Amino acid sequence: MSGHVGFESLPDQLVNRSIQQGFCFNILCVGETGIGKSTLIDTLFNTNFEDHESSHFYPHVRLKAQTYELHESNVRLKLTIVNTVGFGDQINKEERYVYQPVVDYIDAQFEAYLQEELKIKRSLFNYHDSRIHVCLYFISPTGHSLKTLDLLTMKTLDSKVNIIPVIAKADAISKAELQKFKIKLMSELVSNGVQIYQFPTDDETIAKINASMNGHLPFAVVGSMDEVKVGNKMVKARQYPWGVVQVENENHCDFVKLREMLICTNMEDLREQTHTRHYELYRRCKLEEMGFTDVGPENKPLSLQETYEAKRHEFYGERQRKEEEMKQMFVQRVKEKEAILKEAERELQAKFEHLKRVHQEERMKLEEKRRLLEEEIITFSKKKATSEIYQNQSYMASGSNLKKDKDRKK
Ligand code: GTP
Ligand code: MG
């Protein structure tokens, strides 16, 4: 085998294409109001992203996304920062007010990507991927243990997003306490089965540094955009009456470690893990929910076409069953209605018969009364006639007596 073919330039071609296309990275900041989210993001990207203070009085958590175009040399980065506004402020600690909005937001971005993927005409090449690549989880520097809210939230999110926990405002905790606090936090996360993001150790060029950084988790960070003169250099720091906390001094905090790990070394792995692990899980569950599966009965591999046909068959069967059920229900209803109508008819008929009988009886009673009356009238008429005859006879008799008296007087 001899002669130069040229495919050794493939990595360069890939780099060129990626540079042309630009990169996108989406960070979700979860943490209580005022814990230092915006300051840390500003410090990480050395930019003043405009973000206003949030109120402590929101009834539920809201997610606010802002996208920025950043440039470094000839590399373009589309950076989206998603903030949890009002996190931890609710009196009502029901999950739907507290962390459900965060879960819903992450799922909504997966869903949007899945919908694009399932389209006939896809445009994934210039699609604005809004899936969350990393969740920076801000823990209060209490020195105690994790709050229930933090545990529950991280436990719920760990299968959906790469979580990097950070101890915020780490200048508020002493060095000795910080070490104990870190150990305690990690043991709590482990004992509660919370899976945080582990920097990958499979690529030998970065395996060593990543392995050692995994031992420093959670990073204790300090954020500040203020510049303070230390020696003859201006450095990002927080100045206090008793001294200066330098953000980029590894003896003071883990800010540099976080920046190195998040931006310089593992940004691509975070993007990859999001696609291959978290999105894959969401996609699988969603498609299974919709009835798609890779294997049929008896573990036989099933193509999409076969699944579709089986689903169609199942759907038709179901539809026919439903139709039959509806028909039966209709017949049953008609029968019930008929029975009700028949019963009503029977009742009406009975009522009619009863009324007819009553009417008949009334009529007979009236007939009887009329007959009695007529008899009475006849009797009366007879009596009347007899009395008239008597009257006439007595009148005539009294008339002849008067004549006899007159004749006698004469
Ligand atoms: P909301 O967006 O309103 O929820 O606040 P936030 O979490 O973005 O906090 P922000 O960055 O606005 O910081 C709130 C306050 O904390 C500001 O006064 C910051 O100066 C201060 N702060 C930020 N980071 C640190 C830090 O590392 N240490 C200390 N001590 N204070 C900090
Ligand atoms: Mg903020």
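The values are calculated or read from the model by the stated rules, or taken from the named source; none is laboratory data. Since the model is a prediction, treat every value here as computed from it, not as a measurement. With ideal geometry, Cβ positions are generated from the backbone for all residues, glycine too; neighbour counts draw on all protein chains shown.
Please find, within segment 1-31, the residue that is farthest from HIS71 (Cα to Cα) out of those that are aliphatic (A, V, I, L, M) and part of a strand (DSSP E or B). Step by step, filter segment 1-31, then rank; the result is VAL30.
Against the test of being over 30 Å from ARG17 (Cα atoms), of a type outside the set (D, E, K, R) and over 16 Å from the mean Cα position of the chain (by Cα), the options THR142, THR156 yield a single qualifying residue, THR142.
I'd like to check something: does segment 132-139 contain any residue that is within 23 Å of THR39 (Cα to Cα), touching an Asp or Glu at 6+ places or on another chain (Cβ under 8 Å), within 16 Å of ligand 2 (Cβ to nearest atom) and in contact (Cβ under 8 Å) with a residue 60 or more places away in the chain? Yes, that holds for at least one residue. For segment 280-298, filtering for residues that are over 23 Å from VAL161 (Cβ atoms) and of a type in the set (Phe, Trp, Tyr) leaves 1.
Being among the acidic types (Asp, Glu) and either in contact with a Phe, Trp or Tyr (Cβ under 8 Å, 6 or more places away or on another chain) or under 27 Å from VAL245 (Cβ atoms) (or both) is the filter here; which residues of segment 195-227 pass it? Selection gives ASP226, GLU227.
Taking the condition within 24 Å of the chain's Cα centre (by Cα), more than 13 Å from ligand 2 (Cβ to nearest atom), among the charged types (D, E, K, R) and over 30 Å from SER174 (Cα atoms), does ASP107 pass? Against the criterion (within 24 Å of the chain's Cα centre (by Cα), more than 13 Å from ligand 2 (Cβ to nearest atom), among the charged types (D, E, K, R) and over 30 Å from SER174 (Cα atoms)), ASP107 qualifies. Scanning segment 169-216 for residues that are free of Cβ contacts under 8 Å to residues at least 60 places away in the same chain and among the acidic types (Asp, Glu) turns up GLU177, GLU188, ASP202, ASP203, GLU204.
Please specify each residue of segment 141-155 satisfying the condition of being in a helix (DSSP H, G or I) and touching a Phe, Trp or Tyr at 6+ places or on another chain (Cβ under 8 Å). Within segment 141-155, LEU149, ASP150, LEU152, THR153, MET154 qualify. Filtered by the rule that a residue be surrounded by 13 or more Cβ atoms within 10 Å (Cβ to Cβ) and of a type in the set (S, T, N, Q), segment 214-238 gives ASN214, SER224.
Is it fair to say GLU116 is surrounded by 13 or more Cβ atoms within 10 Å (Cβ to Cβ), touching a residue at least 24 places away in the same chain (Cβ under 8 Å) and away from ligand 1 (no atom under 16 Å from the Cβ)? In short, no.
If you go through segment 214-251 and keep only what is more than 16 Å from ligand 1 (Cβ to nearest atom), of a type in the set (Gly, Ala, Ser) and modelled with pLDDT of 90 or more, you end up with just GLY215. Could you say whether any residue in segment 192-213 is over 27 Å from VAL98 (Cα atoms), aromatic (Phe, Trp, Tyr), away from ligand 1 (no atom under 16 Å from the Cβ) and crowded, with 17+ Cβ neighbours inside 10 Å? Yes - at least one qualifying residue is present in segment 192-213. Of the residues in segment 36-50, how many are more than 26 Å from LYS160 (Cα to Cα) and near ligand 1 (Cβ under 9 Å from one of its atoms)? Residues meeting the conditions: 1. Of all residues in segment 44-78, those satisfying the criterion of being within 13 Å of ligand 2 (Cβ to nearest atom) and either of a type in the set (D, E, K, R) or in contact with a Pro (Cβ under 9 Å, 6 or more places away or on another chain) (or both) are GLU50, ASP51, GLU53, ARG62, LEU63, LYS64.
Within segment 12-30, the residues that satisfy the criterion of being surrounded by 11 or more Cβ atoms within 10 Å (Cβ to Cβ), more than 9 Å from ligand 2 (Cβ to nearest atom) and either within 34 Å of the chain's Cα centre (by Cα) or not β-branched (Val, Ile, Thr) (or both) are ASN16, SER18, GLN21, GLY22, PHE23, CYS24, PHE25, ASN26, ILE27, LEU28, VAL30.
Here THR33 meets each of (1) surrounded by 10 or more Cβ atoms within 10 Å (Cβ to Cβ); (2) within 16 Å of ligand 1 (Cβ to nearest atom); (3) within 21 Å of ARG259 (Cα to Cα) with one exception, condition (3). In this structure, ARG62 does not qualify as away from ligand 1 (no atom under 14 Å from the Cβ) and either more than 24 Å from CYS253 (Cα to Cα) or free of Cβ contacts under 8 Å to residues at least 60 places away in the same chain (or both).
If you go through segment 47-61 and keep only what is surrounded by 15 or more Cβ atoms within 10 Å (Cβ to Cβ) and touching a strand residue (DSSP E or B) at 6+ places or on another chain (Cβ under 9 Å), you end up with ASP51, SER54, TYR58, VAL61. Output the residues belonging to segment 123-142 that are crowded, with 22+ Cβ neighbours inside 10 Å and aromatic (Phe, Trp, Tyr). Hits for segment 123-142 are TYR137, PHE138. Only one entry in SER54, SER18 is over 30 Å from CYS285 (Cα atoms), within 15 Å of ligand 1 (Cβ to nearest atom) and out of contact with any helix residue (DSSP H, G or I) (no Cβ under 9 Å at 6 or more places or on another chain), namely SER54.
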